[in-house]
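Structure record follows, encoded as structure tokens.
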Amino acid sequence: MDLMKGKRGLIFGVSNTHGIAYGIAKQLHDAGAEIAFTYAGEAMEKRVRPIAEGMGAKIIMSCDVTKEDEVKAVFDECEKLYGKLDFVVHAVAFAQKEDLMGRFIDTSMEGWNTALGVSAYSLVTICRHAEPIMNEGGSIFALTYLGSILSVPSYNVMGVAKAALESSMRFLAVDLGRKGIRVNCISAGPVKTLASMGISGFSKMLKAAVARSPLKRNVALEEVGNAGLYLASDLSKGTTGEVIYVDCGCHSAYASSEEMEILSNNIDL
């Protein structure tokens, strides 16, 4: 399949072969896209570089998305090599571990600022530097989760960060829409990744998702990757300002009694 043949883009957030960002990158690469990759510091380089090189990446750069000069440097390099970009994927999120445990009310200001800065404001920074080198009809999209609209046990401040991300996406869609650039989000169901396993009680979240889902299963990595391929490609030229749910229908269903029983075992009463 060469749906993305001749298309060039940039992905922030691939860290291993088990994550959603990798699932998207693989689908884009298999469809013919040329992809630039970033990694978060030297510690992540040994994980990301083999993945990027395996996909023939010509740009593999370190980038802390909270530092504007580093984000700018990445886009400067893309402009130097490619001239223009067709897609950008934001798959970056972080919260301090202690802020994903216990009660949300105990979130520190430092924890709040960290979570929202890395997970939400970074999309604004990325879009600001992407705008000048995006082709008309280009696509920018970010990864979110159901915890943005529902109180999910142990998701805490990350839920607030994802809500801010989704709201930012809608404003950015208006700003960039004048240039024909689309901005969207993918809200994936819970997928067992290295990052998600850092969330307290995540295994129960997986079981609860199956119980709630109309399809009675969890979403597969490939399915989220296919949604990313749709948003990055010309197939979605009329779609912007949207949250695309790829969660086997979890967002559309009331909690089942089975789900409530599973989740209640993760709450201190």
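Only the coordinates and a few stated rules stand behind these numbers; no lab work does. Small disclaimer: the values here were computed from a predicted structure and weren't measured. Every residue, glycine among them, receives a Cβ derived from its backbone with ideal geometry; neighbour counts consider all protein chains shown.
See the values below:
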| read-out | value |
| --- | --- |
| Cα-based helix-to-principal-axis angle, 68-82 vs the chain, degrees rounded to 10 | 50 degrees |
| Karplus-derived 3J(HN,Hα), 6.51/-1.76/1.60, for each residue of region 155-162, Hz, glycine and proline x | 7, 6, 5, 5, x, 5, 5, 5 |
| Protection-proxy order for peptides 152-161, 221-230, each taking the mean of Cβ atoms within 10 Å per residue, highest first | 152-161, 221-230 |
| Packing-based order for 233-243, 166-176, using average beta carbon neighbours within 10 Å, highest first | 166-176, 233-243 |
| Residues of type aspartates and glutamates that Lys46 reaches as a straight line, Cα spacing below 17 Å, ignoring anything fewer than 8 places off in the same chain | Asp64 |
| Residues with amide H under 5 Å from that of Ala33, placed H, sequence gap 5 or more | Met4 |
| Too-long pairs where the Cα-Cα distance tops 24 Å, listed order kept, from Lys26/Lys237; Lys67/Lys204; Lys5/Lys162; Lys72/Lys179; Lys97/Lys216 | Lys67/Lys204; Lys5/Lys162; Lys97/Lys216 |
| Cα centre as origin, Lys/Arg/Asp/Glu Cβ charges: the chain dipole, Debye | 420 debye |
| Spin-label pair Lys46/Thr66, simplified geometry with 7 Å Cα→Cβ offset, distance in nm | 2.4 nm |
| J(HN,Hα) series, region 103-109, from Karplus relation 6.51 cos²θ - 1.76 cosθ + 1.60, nearest Hz, glycine and proline x | 9, 4, 4, 8, 4, 7, 4 |
| Nearest-0.05 FRET efficiency for Asp2 and Trp112, computed from C-beta distance (R0 30 Å) | 0.10 |
| Translational diffusion coefficient (Stokes-Einstein; Kirkwood radius from C-alpha pairs) of region 1-115 at 4 °C, 1.567 mPa s, in µm²/s | 85 µm²/s |
| Where a label projected 7 Å from the Cα of Ile105 along Cα→Cβ would reach, residues of region 133-169 with amide N under 17 Å | 151-157 |
| Degrees between helix 20-30 axis and first principal axis of the chain (Cα, 0 to 90, nearest 10) | 40 degrees |
| Integer Hz, Karplus 6.51/-1.76/1.60 couplings in order for region 163-174, x for Gly and Pro | 5, 5, 4, 5, 5, 4, 4, 5, 5, 5, 4, 5 |
